[in-house]
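The values are calculated or read from the model by the stated rules, or taken from the named source; none is laboratory data. Quick caveat: nothing in here was measured; it's all calculated off a predicted structure. With ideal geometry, Cβ positions are generated from the backbone for all residues, glycine too; neighbour counts draw on all protein chains shown.
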Amino acid sequence: MEFDTTLTRSAHYLKQALPIMIRYRIPLTPLNYSICYCYVVGSQPELNVELDQIIARYQGCPPHLARELFDKYLSQHDLALFHEISHSFQGAIDQVQSGICETLESSQDFSAFLSECHYGLHNLKKRGAEQDPSAYDEVLEYVSRLTREAVAMQQNALGFQNKLEVAYDEIKLLKEALFASQREANTDKLTGLLNRGKFDEDIVSFCTHSMSKQKVLIFVDIDHFKRFNDDFGHQKGDDILRKVAEKLSHHAQGRGDAYRYGGEEFCLTLSISSVSEAVSFANMVRHDIRKLSVKDKKTGEPIRQITASFGIALHKEGAPWQSLIELADRALYLAKSHGRDRVEVAG
């Protein structure tokens with residue numbers, strides 16, 4: 001199987017770039033991968049020098065510095081090229097794995113093929129000797145030559161099979177590392193929800209892709225969260241964030257995606273039939289969050305209830321994704337200004 005030179009080279013650079021990103025916990029985003037890909041290629045020496053300095057100082061590459069490097073040395077064209085290479089490389093991985101599986105399956109029939117050849121030649125030898133004794137020697141030589149060639153072919157096939165198995169394992173590990181890095185890069189470490197970076201990527205496609213149902217964005221903010229931190233400590237605050245995130249993840253399952261937007265603020269992207277259904281859904285989640293509370297360590301009795309405010313925005317076909325965020329943010333502001341622990345819809 002022959003591969004396009006670009007894919008082969010991309011696979012080589014990917015194997016070099018991934019360990020660097022994993023070692024220094026650089027999120028596997030298109031922008032970061034473009035930088036690390038350029039780093040291992042060595043096409044921008046100045047970028048390599050700056051990235052080395054950043055890694056030495058921060059033991060990684062903070063998002064704002066990654067953006068500065070990208071804007072300084074790369075372009076949106078490079079980002080688009082990464083998407084194309086990444087998509088092509090993923091296809092190549094699947095193609096190679098499929099081809100290897102087919103080859104391994106066919107090689108299992110090789111011994112059976114040899115047995116059939118020997119059986120057929122045995123009959124040919126028998127018939128030839130009956131008609132002409134000299135045919136015996138000719139057929140015997142033919143069998144001997146075929147046997148030598150078959151053994152050599154089998155040895156080559158076994159060697160090739162071993163190489164394919166090694167290649168298959170390498171590709172499988174590389175694919176698993178790629179997926180693991182993507183999951184880690186897209187996940188908020190505290191709550192386990194999708195993170196802000198993933199939301200910034202997803203909201204564009206969410207607004208541009210056509211859907212049969214209404215596209216809805218819901219902002220969720222835990223009410224008076226700072227008081228929880230001040231009164232009970234940051235560990236209890238983190239525990240509250242995780243519990244609210246569990247509620248949001250549970251209710252979003254099968255309907256859409258849940259993200260931690262930042263701090264005590266979360267958001268949901270959903271596909272829903274109507275405004276009334278969106279409001280009913282938000283109120284259902286709101287009531288479920290109200291079941292949470294901070295409890296006394298000694299008695300186990302609830303000492304403060306946890307509530308949240310919800311802002312709903314409906315996407316209008318053709319409108320920019322930024323406007324959807326602005327509308328949801330405005331609705332959330334209304335919910336908080338009207339007393340909190342309520343649902344508001346952007347007008």
Inset, instruction - Answer yes or no as to whether I303 is in a strand (DSSP E or B) and modelled with pLDDT under 95. - result: yes
Inset, instruction - Having 1 or more residues that are at pLDDT below 85 and either out of contact with any helix residue (DSSP H, G or I) (no Cβ under 9 Å at 6 or more places or on another chain) or over 18 Å from E176 (Cα atoms) (or both) is the bar; report the helices (runs of 4 or more DSSP H) wholly within the stretch 1-70 that clear it. - result: 5-23, 30-41
Legend entry - Tally of residues being closer than 23 Å to F228 by Cβ, surrounded by 22 or more Cβ atoms within 10 Å (Cβ to Cβ) and among the hydrophobic types (A, V, I, L, M, F, W, C) across the stretch 290-336: 4
Legend entry - Output for the stretch 42-53, where each listed residue is crowded, with 16+ Cβ neighbours inside 10 Å and either within 17 Å of P19 (Cα to Cα) or not assigned by TED's automatic domain parsing to the domain that holds L18 (or both): N48, L51
Legend entry - Residue match in the stretch 202-210 (condition: small (G, A, S), loosely packed, with under 11 Cβ neighbours inside 10 Å and modelled with pLDDT under 85): yes
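Residue by residue, here is whether (1) in contact (Cβ under 8 Å) with a residue 12 or more places away in the chain; (2) farther than 19 Å from K213 by Cβ holds:
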residue: Q305; (1), (2): yes, yes
residue: S309; (1), (2): yes, yes
residue: G318; (1), (2): no, no
residue: L332; (1), (2): yes, yes
residue: K336; (1), (2): yes, yes
residue: G339; (1), (2): no, yes
residue: A346; (1), (2): yes, no
Legend entry - Top-ranked residue in the stretch 261-282 [being within 17 Å of A335 (Cα to Cα) and of a type in the set (F, W, Y); ranked as surrounded by the fewest Cβ atoms within 10 Å (Cβ to Cβ)]: F281
